[in-house]
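The values are calculated or read from the model by the stated rules, or taken from the named source; none is laboratory data. Just so we're clear, the structure is a prediction, and the values are computed from it rather than from any experiment. Counting neighbours? That spans all protein chains shown, and the Cβs are built from the backbone with ideal geometry, glycine included.
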Amino acid sequence: MPKSVNRRLLLAKRPGRAGVTQDCFRLEEAEVPAPGPGQLLIRVLWLSCDPAMRGWIAEGPNYSEPVPLGGVMRSFTLGRVEVSQHPDYPVGSYVSGRQGWQDWAISDGSDIDRIVDPEQAPLSANLHLLGMTGLTAYLGLTDVGRPKVGETVVVSTAAGAVGSVVGQVAKLLGCRTVGITGSSGKVSDCLETYGYDAAINYRDYETTDALASALAEVCPAGVDVYYDMTAGWISDAVMGQIAIGARIVVVGTMAMPSTPPPVGPRYSRQMLVTRATMTGFLVLDHFDRLEEAVTKLGAWYREGRLRYREDVTEGLERAPEALMKLLNGRTRGKVLVKLAD
Ligand SMILES: NC(=O)c1ccc[n+]([C@@H]2O[C@H](COP(=O)([O-])OP(=O)(O)OC[C@H]3O[C@@H](n4cnc5c(N)ncnc54)[C@H](OP(=O)(O)O)[C@@H]3O)[C@@H](O)[C@H]2O)c1
């Protein structure tokens, strides 16, 4: 049995008006637990930070139960099996799952998503390109967006963990890609790293109309697929540009305040005139297709056709800081916390 203590970050309080703050979390030390029959002990090596965490720790209703006060912070994780009494998970294997913000975790396998092959890609990539993020990008785009060769695909939060994969996959499928993002550095990432045909920094525009005009210039034939991760005023600008038969994939709401409920333009007439469809997509409904997405994205990655960028913070105790940076839009690429080699 490992001798070290188990450091865990617990939810100390729910975010208030100031949003997620350091004091929402409390560091606690406990004994490293011992696995019983049918269980395994995992050394957590990497944590994923995701915008969804804001919803997981909020009071209000969401698509999943909120993390309880005093509970270990929920998180996608990548770890190594150190002790095992489970036939499916031998000692030394690497697993991706949901072990939370802690150094060590006991599992019975129900919170493990897959056994990871360290030969296929760097371990950390299994928390983004070859994990939940990649699955969201790949299925949301191909199943719901259904892009056809030559169509224009617009992506908001285009340089982020999900957006960067959506843009590259759309390009690989023969589409014209346009990214919307929040800084000149991220515009460069979109154009130079992720191969978007055009990219727009929404912060250069003060009004929805001005952003809509900029979009109209780079989407002269309209928008066939809108992969929407912001909602709010950014999406208001895109909705004025949708083409006949457009597919709008609603995946995130980064630009939409939770309170008060936002009031924006009414889309009904545009939806009617263009016979467009708008569909919500939640990755948690699709984990049974993780292997399919990993196979496809992994093959493209090994052929050198998919690129990514990571924003790594070192140390469990700094996970809240990494999450706050992510939610403030100050990160570039997939936000990860490294706990150990
Ligand atoms: N439905 C699902 O199953 C599912 C699964 C995974 C992720 N998502 C959603 O997809 C979105 C992107 O997730 P991700 O992991 O790829 O994160 P990410 O894009 O790497 O990071 C979030 C980005 O959101 C943007 N942002 C922050 N505040 C904003 C604001 N007020 N207005 C506009 N943009 C803002 C920032 O990019 P800019 O600087 O470019 O603005 C920030 O970097 C999130 O909304 C997330 O909840 C949904």
Practice task
Could you tell me whether region 248-255 includes any residue that is within 15 Å of the ligand (Cβ to nearest atom), small (Gly, Ala, Ser), at pLDDT below 95 and more than 21 Å from residue 273 (Cβ to Cβ)?
Solution key: yes
Exercise for the section: Within region 163-203, track down each residue that is assigned to a loop (DSSP other than H, G, I, E, B), near the ligand (Cβ under 9 Å from one of its atoms) and surrounded by fewer than 19 Cβ atoms within 10 Å (Cβ to Cβ). Expected result: 183
Problem - Residue ranges of strands (runs of 3 or more DSSP E) in region 65-162 with at least 2 members more than 16 Å from the ligand (Cβ to nearest atom) and more than 26 Å from residue 183 (Cα to Cα) - result: 77-84, 94-97, 104-107, 112-116
Exercise for the section: Return yes or no: is residue 34 in contact with a Lys or Arg (Cβ under 6 Å, 6 or more places away or on another chain), of a type outside the set (Ser, Thr, Tyr) and surrounded by fewer than 19 Cβ atoms within 10 Å (Cβ to Cβ)? Expected result: no
Problem - Any hit, region 260-267, residues being within 15 Å of the ligand (Cβ to nearest atom), touching a strand residue (DSSP E or B) at 6+ places or on another chain (Cβ under 9 Å) and either in contact (Cβ under 8 Å) with a residue 60 or more places away in the chain or at negative phi (or both) - result: no
Problem - All positions within region 214-247 that are at negative phi, touching a residue at least 24 places away in the same chain (Cβ under 8 Å) and more than 16 Å from the ligand (Cβ to nearest atom) - result: 216, 218, 219, 221, 223, 224, 240, 241, 242, 243, 244, 246
